[in-house]
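Remarks on the structure that follows.
Here, each number is a calculation from the coordinates, and none is a lab measurement. Model, not experiment: these values are computed from the prediction. Positions of Cβ are backbone-derived with ideal geometry, glycine not excepted, and every protein chain shown enters the neighbour counts.
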Amino acid sequence: MMKINKIREMSSPDLEKELGELKTELFKLKFSLATNGLDNPMKIKEVKKDIAKINTILTERKMLENKKA
């Protein structure tokens, strides 16, 4: 699980890359759950929360850019 402060310190391109990786991981976790079950189903919830945190930070940054323009 990622901390929000760590996410805020990352650059936007890094966040976009991390977001792609998390979405891929989420897909793999869901697929694994559907086919043969997971050892830790809570991992899906953690990944979803991390995706939401990154989306929130990216949205905040876009809003700040629009305010400045």
Every residue from the stretch 1-20 that is part of a helix (DSSP H, G or I) and more than 20 Å from R61 (Cα to Cα): none
Residues in the stretch 29-63 that are within 18 Å of M2 (Cβ to Cβ) and either in a helix (DSSP H, G or I) or touching a Cys at 6+ places or on another chain (Cβ under 6 Å) (or both) total 21
Which numbered condition K48 fails, given (1) more than 19 Å from L15 (Cα to Cα); (2) surrounded by 10 or more Cβ atoms within 10 Å (Cβ to Cβ): (1)
